[in-house]
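Report on one structure; see the data block that follows.
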Amino acid sequence: MRRALAEMYLTGKSYKLTTLCILFIFAGVYEFASRTHLGGLRLWIFFVPPSRILATFFSLLLDGTLLEHAVYSMMRVGAGLAIGVLLGTPLGLLIGWSRSLDLVIGPIVDLVRTFPKPALFPLLIVISGIGEVSKVILISFGIFFIVCINSIYGGRSIDRVLVASAKVMGATGAQIFTKIVIPYSLPYVSAGIRISLATSLTYLTFAEMLAAERGIGYLVLYSQRNYSYDTMFVGVMAMSLIGGSMVFAYLSLERRFLSWFYAMGRRGGDEMSGGA
Amino acid sequence: MGRRLRVFLRWGLEGRLWTFSLIFAFCFLWEILARLQVGSFFFWDFMVPPSKSLATFYSLLTQPPYQEYDILYHSGTTLWRAGVALMGGVLVAVPVGFALGWWRALDAVFTPLFEFLRPTPSLIFFPILILLFGTGSVSKIMASLIAVSFVMVINSLYGVKSTDSVLINSLRTMGASNADILRKAVLYSALPHIASGIRVSIGASILVIVSTEMIQGKEGLGFVIYFALDRLQFDHMWSGILATLLVGAGAVYLWQYVEKKVLKWHFETTARA
């Protein structure tokens, strides 16, 4: 018995088991308390038992409503992320590489980064309508500054001596870009994208709660207002599943392609995050 | 290019003169285009000339017409809500982060859960929080507190983990107790991480508070902006946006100043290394 336990301890399996056990115990206590209305009925009107949440989850998944909302949310996030990253990365690298641009534009980027971007959403609604465009613009605008700041750090980290000696030895611009600029800045850019994944979901939820007809954020607020609390929890569950799996997938990609960077014992700038 | 010109350009760079000039030029261009109503007429209805927004901002600050447009009052509301959420989040999350970082078993069991839940936007919990705590300040503060505590747990956890293991081992061989190690070594290596966590959290808490005020509420800067949208008073809306910018940026820059003062030892040692 002791040997088996020790083996589990060494391989780290026991921890995963414990995590699962704790989740199950939590769900069990929750189920029991909500079925027996422990300590009064008032609280348990909202807190539907987990078995019912799961049942609703699968029924909504099977009849396609949940999938429709999820697809709309993912499309908005995907478009917003793509635009924000495609615009923010080159600009950030340029600012980080050029010292005078860094001194002139850097503070402006820093200032706008601290600004709570949802405040601009009503204006975006007026300019581009309640449809998809305003939501995508909000997400990409919010992402842009995070990606940009991180790319600025990436641009600053490029070794100038290396670039100069490559030039002296007759390297072309494309060679310098692929052999020096990308390896130096990629970890920072990638950290920016990793942080943006979570932040984009915040902007998405906000936009969908304020003005939308489809999407997970809309589903949650709408079902709260219609007293269908099981659907509300299904929406929350779906959102955390989307967020968790997005970041998890990205992390495994990062581990695959940036393993050389993490092998150096460094961690790309988590402290520059702007998430919520 | 003469030497004097180059010196002048350099001087402007160091003194942030060109940054301010750029912002000023942008506003000036906006002002002219808006006054001339270049292109579509409606567009400049929303993009009110900056001078007009500034005049409205000033009048709302000095003599607000009614309580819904009392910018100072609503900025105060947003600020105290964000402040309470921030303090609550730090008080809850830093001990949790220390516990997770100190006991390896806890870390192995709970950190995967935290990492999986971290990308979940705290705004998605807002409808549940309205049910639990009503439509007042408490539900908004709780939504913001969730956002802050995720950031702070992860940051203080990595702060504790980043402690030099040689330092801990040598303290232990010299007979230091766990409390001593925590107080003399772990705390000081975690503090910079906690400070940068707070910097991120300030932005996050104000963002969540403003968002929730816009979704539902009768007070706060988010409400002011949405109220102005309902009445199509775009100069009032721009003054709300300006107030949000001032509150958000002011809080973050104030913290950065405090951080530099308090953690002077940390920045000095890392600069030298």
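The values are calculated or read from the model by the stated rules, or taken from the named source; none is laboratory data. Source: prediction; values computed, not measured. Virtual Cβ from ideal backbone geometry, glycine too; neighbours counted across all protein chains shown. Note: areas computed on protein heavy atoms with side chains; ligands, DNA, RNA excluded. Shrake-Rupley method; radii C 1.70, N 1.55, O 1.52, S 1.80 Å.
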Checklist entry - Could you count how many residues in region B:134-154 are in a helix (DSSP H, G or I) and either open to solvent by 30 Å² or more (accessible area, probe 1.4 Å) or without any contact (Cβ under 8 Å) to a residue 40 or more places away in the chain (or both)? => result 5
Checklist entry - In region A:110-130, how many are in a helix (DSSP H, G or I), more than 7 Å from chain B (Cβ to nearest Cβ) and not charged (D, E, K, R)? => result 5
Next on the checklist: Quick test for you: out of B:Glu219, B:Glu213, pick the one residue that is away from chain A (no Cβ under 12 Å), acidic (Asp, Glu) and touching a helix residue (DSSP H, G or I) at 6+ places or on another chain (Cβ under 7 Å).
Outcome noted: B:Glu219
Checklist outcome for this item: Residues of region A:67-95 being open to solvent by less than 70 Å² (accessible area, probe 1.4 Å) and either over 24 Å from A:Ser134 (Cβ atoms) or not in a helix (DSSP H, G or I) (or both), in sequence order, are A:Gly92, A:Leu93, A:Ile95
Checklist entry - Looking only at helices (runs of 4 or more DSSP H) that fall completely inside region B:172-273, which ones have 3 or more residues that are open to solvent by 60 Å² or more (accessible area, probe 1.4 Å)? => result B:234-262, B:264-272
Checklist outcome for this item: When region B:1-55 is checked residue by residue, the ones that are of a type in the set (D, E, K, R) and either more than 30 Å from B:His236 (Cα to Cα) or open to solvent by 50 Å² or more (accessible area, probe 1.4 Å) (or both) are B:Arg3, B:Arg4, B:Arg6, B:Arg10, B:Glu14, B:Arg16, B:Arg35, B:Asp45, B:Lys52
Item to check | Single match in A:Ser51, A:Ser98, A:Ser59 (criterion: surrounded by fewer than 16 Cβ atoms within 10 Å (Cβ to Cβ), modelled with pLDDT of 90 or more and more than 29 Å from A:Ala211 (Cα to Cα)) | outcome: A:Ser51
Checklist outcome for this item: Restricting region B:155-167 to residues that are part of a helix (DSSP H, G or I), away from chain A (no Cβ under 12 Å) and open to solvent by 30 Å² or more (accessible area, probe 1.4 Å), the one modelled with the lowest pLDDT turns out to be B:Ser165
Item to check | Residue identified as in contact with a helix residue (DSSP H, G or I) (Cβ under 9 Å, 6 or more places away or on another chain), outside the structural domain of A:Leu221 (by TED's automatic domain parsing) and not β-branched (Val, Ile, Thr) among A:Ala70, A:Ala33 | outcome: A:Ala33
Item to check | Single match in B:Gly89, B:Gly101 (criterion: within 26 Å of the chain's Cα centre (by Cα) and either within 14 Å of chain A (Cβ to nearest Cβ) or open to solvent by 30 Å² or more (accessible area, probe 1.4 Å) (or both)) | outcome: B:Gly89
Item to check | Lone unmet requirement of (1) surrounded by fewer than 22 Cβ atoms within 10 Å (Cβ to Cβ); (2) free of Cβ contacts under 8 Å to residues at least 24 places away in the same chain; (3) within 11 Å of chain A (Cβ to nearest Cβ); (4) within 23 Å of A:Ile22 (Cβ to Cβ) for B:Leu131 | outcome: (4)
Checklist entry - So which of B:Thr120, B:Thr111 ends up being buried (at least 17 other Cβ atoms within 10 Å of the Cβ), at the interface with chain A (Cβ under 10 Å from one of its Cβ atoms), of a type outside the set (D, E, K, R) and not in a helix (DSSP H, G or I)? => result B:Thr120
